[in-house]
Every structure is written in structure tokens, then in C-alpha cells.
1. Kindly list, by first and then second residue, each pair from a residue in the stretch 234-254 that is closer than 18 Å to Gly152 by Cα to a residue that is surrounded by fewer than 19 Cβ atoms within 10 Å (Cβ to Cβ) and hydroxyl-bearing (Ser, Thr, Tyr), limited to pairs with Cβ atoms under 7 Å and residues at least 6 apart or on different chains.
2. Select, from Gly323, Gly346, the only residue that is within 17 Å of Leu137 (Cα to Cα), of a type outside the set (A, V, I, L, M) and part of a helix (DSSP H, G or I).
3. If a residue has to be closer than 19 Å to Ile285 by Cβ and loosely packed, with under 15 Cβ neighbours inside 10 Å to count, how many in the stretch 161-205 make the cut?
4. Go through (1) free of Cβ contacts under 8 Å to residues at least 12 places away in the same chain; (2) within 16 Å of Leu28 (Cα to Cα) one by one and return the number of the condition Ala109 breaks.
5. Of the numbered conditions (1) free of Cβ contacts under 8 Å to residues at least 60 places away in the same chain; (2) in contact with a strand residue (DSSP E or B) (Cβ under 6 Å, 6 or more places away or on another chain), Met189 fails exactly one; give the number of that condition.
6. Using beta carbons and a limit of 7 Å, which pairs, at least six apart or on different chains, have the first residue in the stretch 327-341 and among the hydrophobic types (A, V, I, L, M, F, W, C) and the second one assigned to a strand (DSSP E or B) and open to solvent by less than 30 Å² (accessible area, probe 1.4 Å)?
7. For the stretch 255-290, enumerate the residues that are crowded, with 16+ Cβ neighbours inside 10 Å, of a type in the set (A, V, I, L, M, F, W, C) and either in contact with a Pro (Cβ under 7 Å, 6 or more places away or on another chain) or over 20 Å from Ala216 (Cα atoms) (or both).
8. Determine if the stretch 142-149 includes at least one residue that is of a type in the set (Asp, Glu), closer than 22 Å to Ala287 by Cβ and in contact with a helix residue (DSSP H, G or I) (Cβ under 7 Å, 6 or more places away or on another chain).
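The values are calculated or read from the model by the stated rules, or taken from the named source; none is laboratory data. All values derive from a computational prediction rather than experimental measurement. Here Cβ is always computed from backbone atoms with ideal geometry, including for glycine, and neighbour counts include all displayed protein chains. Ligands, DNA and RNA are excluded from the accessible area calculation, which covers all protein heavy atoms including side chains. Shrake-Rupley method; radii C 1.70, N 1.55, O 1.52, S 1.80 Å.
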Amino acid sequence: MHRVHLTYTLGGERSPQRDLHHPLMAMLAAVHDTGSISAAARALGLSYRHVWGELKRWEGELGQELVIWMKGQAALLSPFGEKLLWAERRAQARLAPQIEALRGELEQAFAVAFDASAGVIPMTASHDDALPLLRALAQSQHKLHLDIQFTGSVDALAALNDGRCLMAGFHALTESPLRSPTARVYRAMLKPGHHKLVSFARRRQGLIVAPGNPLALASLADLCRKGVRFANRTRGSGTRVVLDELLAAQKIPLEALHETAQPEPSHRAAAEAVASGSADAAFGIEAAARARGLEFVPLARELYFLVTLQHALDQPAVKTLLGLLRSEAWRAQLNALPGYAAENSGEVLSLRRVLPWWSYRTPKR
């Protein structure tokens, strides 16, 4: 079994490469995309001789052919090369939240080491494509570091209530009945006067399907058709709560869906399951679908909130973050993301007014 060793770089500028980068995978991807060694070398800014030599060296190291050369024809990845590239992309997609969290921890540590005046907000949040952009803007404009730990919405609120973070991020359908899955999951975790909701974004959720939508999937009911493989999300994730509510509203039992063996931990991983062909559809945000070149069928609009405790609103770092969320620079970035809209971003909201399913009374069973 081949062992994996991880390293990281330390510098002032963010590398254009992915957080986990391997030169062999970059070469395989370039050959796959361009169809030739010379074009792959040009795309990577390397010499033909270097790329050719490295591919041959790795073939010897791994004991298997990586690229098929045929005179006068395009260079192709071997079946093993294709599978190796697929495995790396799959792992990258599935581990994206953990990679972001690890990078955030390292950046926080070095921010404190190199600049003791840098502000830090520990944050636990449901995975979201906009939050890394917010983190970068906060760091560059205000020396404010958002120490983001990605998890499911339920675990994010639990972390806030347990005192393990200063701010949490979760998302939900807001026009939900009192006895809905959304209300059952979140109602006991939020208390008026104690928790403060901050508007972050409105997002579109829906079906992530293959390019061209070959199975013509247009609704949740279509997922019940024979042979349609559906990649569900893990329990405890906010997207799973949204899906459960939509299914309940349409009286579709979860058992009617033909789920793949393993639920996906993030929007990116769900999109990758469809892109790789291991699933015909998944449920997630539009940005994840578009980033992977997939089709998207919108089914719901939800709100993503940042939540903190009332006393934290007076902290300088939190005040700085609220100001940034209200800025035109941030709203322009947010509105540019597919499926996102700056829904009064940065506004402190009334919990009871925004979440009509919240009530002091416990609903009768």
C-alpha cells in the first residue's frame, strides 16, 4: 500500500493550486484535458522533457502504465491513470471541509505568531462556498481571522451552545410549519433574547445532475424512478434537514429514493459523486454544481444565518465582521456566486420574526 505524506507552504500570497496538491496528479489532469504531453507541459509551465521524464519515473515507481502514447494520435491516460486521477479528485471533494478547517487552524496559529493584534473569531459552520471568500476578505481588509471549522448545521449550533465557538453558521427553510422537520431539529437549539441571528445569504438548493440532465430529472418525485441513483447527505447536515422537509411536504418516503451506499459529507462531495458517475443525482447548492460543470434544477430557496450570543455583539471583532458583511465589496462578491444573493447581509434579525416556526409553546404531539 502506498503511503500519503502531507506538507504545506508558508507565504504571504495564496497559492493558485489546490490546498492539497501533488505534481503527478497535476500532470495527469493536464494530459487528460489537453490530449498531449507537449500541451500538458505548456499548461503547467514546464518543459516537455521534464513532464515526460516524471511520468516515466512515476510509472516505474507505481509499477503500472499511466499514459498511452500512440504515434500520430492523442496521448491518453491508461485505465490505471484514469482511475488514479478519479480517486484523487474524489478524495479532494470529500475532504474539502476538513482541508479548509485544517488550513484555517494553521492560518490562525501563524496569524497569532506573526501579528498579536490580529483579531480572531472562532466559528463553527455548515459548509458553504461563500465563507472562505468572507474569510479572505476579512483577513485582507481588517486583519480579522475567521477560524472556521466546517461541520453540519446541527453540530454548528451545538458547538455555539457548548461554548466551543463564538459564532455558528446554519441554514434553513424559514417558511416552515411548527411541526416540520426544520422546527423539530432547530427549535430547541435557539432561544429569543439569548441567540442573535445575523443575515448572511440566501441560497438556492436543488438537484445536482449530469450535464444536459440526460434523465430529465425535474422534481424529487423523479428520484423515485427505477434505476435513478441518488447521493444523499449525512444526517445532521442542514441540507439533509431541508431535503427531509421537502420530501415530507410532498409525502415522499425516504425509502422511495434509491440511495447510494454512502451519504456525502458536503456539497462538493455530492457534486463529485454525480460528476464521477457514481450517482445520477444529488441534492445541494447551485454553486457546487456549476463549479463541477454540472446541471442544476432549483427546488428551494433558503437562508443561511450566522448566529452568536447576545453579549458577543459588543465584541470589537464581531462588530468589525458585521460591518464587513454590510459592505458593498462583500455583497458584490456574494451576489457573483451562482445561486447566492446578499439577503440583508450583516443585519441582526429577530429570531421570532424570521423563523415563524419558533414558539414559546411546545407543539402538541
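1. Every condition considered, the pairs that remain are Arg240/Thr234.
2. Numbers: Gly346 fails: part of a helix (DSSP H, G or I).
Within the list Gly323, Gly346, the selection yields Gly323.
3. Of the residues in the stretch 161-205, 1 are closer than 19 Å to Ile285 by Cβ and loosely packed, with under 15 Cβ neighbours inside 10 Å.
4. The one condition Ala109 does not meet is (2).
5. Only one criterion in (1) free of Cβ contacts under 8 Å to residues at least 60 places away in the same chain; (2) in contact with a strand residue (DSSP E or B) (Cβ under 6 Å, 6 or more places away or on another chain) is unmet by Met189, namely (2).
6. Leu334/Ala201; Leu334/Tyr340; Ala341/Ala201
7. Ala269, Ala287
8. Checking the stretch 142-149: not a single residue is of a type in the set (Asp, Glu), closer than 22 Å to Ala287 by Cβ and in contact with a helix residue (DSSP H, G or I) (Cβ under 7 Å, 6 or more places away or on another chain).
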